[in-house]
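The values are calculated or read from the model by the stated rules, or taken from the named source; none is laboratory data. Not measured: the values here are computed from a predicted model. Note that each Cβ is placed from the backbone with ideal geometry, even for glycine, and that neighbours are counted across all protein chains shown. SASA here: full protein model, heavy atoms, side chains in, ligands and nucleic acids out. Shrake-Rupley method; radii C 1.70, N 1.55, O 1.52, S 1.80 Å.
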Amino acid sequence: MEDDAKKLEEGRLHNKDDLISEKVNTTSDHNGRGDAIDHDHEDHHEEKNKAAVAAAPLEADQIKGEEQPVLVVKQKSKRVATLDAFRGLTIVVMILVDDAGGAYARIDHSPWNGCTLADFVMPFFLFIVGVAIALALKKIPKINDAIKKIILRTLKLMFWGIILQGGYSHAPDDLAYGVDMKQIRWFGILQRIALVYFVVALIETLTTKLRPTVLEPGHLSIFTAYKWQWIGGFLAFLIYMITTFSLYVPDWSFVVDNDHRSKKYLVKCGMRGHLGPACNAVGYVDRQVWGINHLYTQPVWRRLKACTLSYPSDGPLREGAPSWCRGPFEPEGLLSSISAILSGTIGIHYGHVLIHFKGHSERLKQWVSMGFILIVIAIILHFTDAIPINKQLYSFSYVCFTAGAAGLVFSGFYLLIDVWGYRTPFLFLEWIGMNAMLVFVMAAQGIFAAFVNGWYYKSPDNSLVHWIQEHVFINVWHSERLGTLLYVIFGEILFWGVVAGILHKLRIYWKL
């Protein structure tokens, strides 16, 4: 565009008719995620007419013997708002279930088999990561540079994951920091996202020269064109399934420290293919790889009927509860994260559909049909007790159910926002989605609340955050449960929606 301005100043462009615009399929947006794509395909004939009208003066000038230069100006394509809105929705649900799940146990993670609102968060993250990878890596000028960026972003995600969830941060209530390296938690939410991102993005990059620019005719052409991505997902599926059902799980023990006293507990196993809390292969792999002292110490299975009378809420362990109720378990473990690669693989497929299918109806047919097929597979597996839906194990039925749900929600957002144009009601989700990392760190991980809590009067419980919770919400509504829910909605979600909107207007984004 700078060259164009120089030409105008020099008088080399004589009139506006010299500018003929050329559409592009995808571009990187201002946030560098490449979440923009062509939406002008349905006005193809109209564009042809405009081009003909624009070209007419040039033809007239050529008849007079005057040669006029034709300047091609590339315009940025319309950004797919659905991606940001979906990403923002996932962050909002995460804040809701994390901070209000204690008051409303039905939206908190399922204690074992089953699926609640909280159980959709992680696979929704991985799904949208896959979609974004497809758009961001549509064109790769230099493969080595792309691989370096992928590795760097993976390491950044790992670093922030360990800082925020490894035990170093005690936000928001505990005004302390630091972690005993003997008990640091190595895996967490961001680490799982990093692993899935690394594998899926690496396959996409290394196969860039093997994929076609135009699909061949046929219903399965979108799958065969990206067969290496599906082969990668299938290998992850095989590793997970073979390990889960064939690995022998021996007895194991752990130590619990209470009131400066240590007590050792033994869990009897000696079996294969068990899908219960005590003796599954997912937990065994993590105990062997990370060490039992480096796992999450408050697993959701403590809310099972077998463990507590407060089911489905958290509460004191019942007398005579099985020993494993007190044991550690890593919900974002290594084997379950290998299974999670499938969520990213399905997400990148939706991104490929977005790139190759130019009509809204064609895209929606592909997305909706696949979403329903995945959900049907999951329901069959779950209700026949073949493979129960289980977030803690990241079972295959759980992958199918949540990926299918993600596909349908994504399709619904696309229809409402990008097809019908109802964008305004979802703007706050878009804003949050554009600054997802910032809102995740500051709100979902409680870093901003911890900063505010650090400025208290006389007692750490007498801070601005606690005062607002107590006097503006809980006391006014005379209900701790309702007050907590309203505080999360207005004091956290709405607040960070406004902050994200302001940052968007100022073009401030936190990118990794």
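Summary of values
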| item | result |
| --- | --- |
| The range 229-346: C-alpha gyration tensor shape, a/c 1.5 cut-off, then a/b vs b/c | prolate |
| For the range 358-483: accessible area per residue (Å², 1.4 Å) | 48 |
| Alpha-carbon Debye profile of the range 293-383, log10 I(q)/I(0) at 0.13, 0.24 Å⁻¹ | -0.70, -1.12 |
| Calculated FRET value between Asp145 and Ile231, using beta carbons and R₀ = 25 Å, to 0.05 | 0.50 |
| Accessible area of the range 395-456 belonging to carbon and sulfur atoms, whole % at 1.4 Å probe | 76 |
| Simple label model, 7 Å out from Cα along Cβ direction - Lys505 to Ala176, nm | 4.2 |
| Rounded FRET efficiency, nearest 0.05, which uses the C-beta distance separating Ile242 from Lys209 and R0 of 35 Å | 0.65 |
| Charge dipole (debye, nearest 20) of the range 161-315; +1 at Cβ of Lys and Arg, -1 at Cβ of Asp and Glu | 400 |
| Magnitude of the charge dipole, the range 314-413, Cβ model with Lys/Arg +1 and Asp/Glu -1, debye to 20 | 340 |
| Extension gain from Leu512 to Asp259, taking 0.36 nm per residue of separation minus the Cα-Cα distance | 86.9 nm |
| Most positive-pole-ward Cα, Pro212, Leu304, Val196, against dipole of the range 177-331 from beta carbon charges | Leu304 |
| Gyration tensor verdict on the range 308-461 (Cα atoms; rounded if a/c is under 1.5, prolate if a/b is larger than b/c, oblate otherwise) | oblate |
| Approximate spin-label separation Thr224-Leu309, in nm, with each point projected 7 Å along Cα-to-Cβ | 6.4 |
| Accessible heavy-atom area order of Leu175, Leu206, highest first, probe of 1.4 Å | Leu206, Leu175 |
| Dipole moment magnitude, nearest 20 debye, the range 431-512 about Cα centre, only Lys, Arg, Asp, Glu C-beta charged | 380 |
| Three-way shape label, the range 424-512, alpha-carbon gyration tensor, a/c 1.5 | oblate |
| Sites Ile107 and Leu317, calculated FRET efficiency, Cβ-Cβ separation with R0 22 Å, nearest 0.05 | 0.45 |
| Surface share of carbon and sulfur [accessible, 1.4 angstrom probe, percent] for the range 71-161 | 61 |
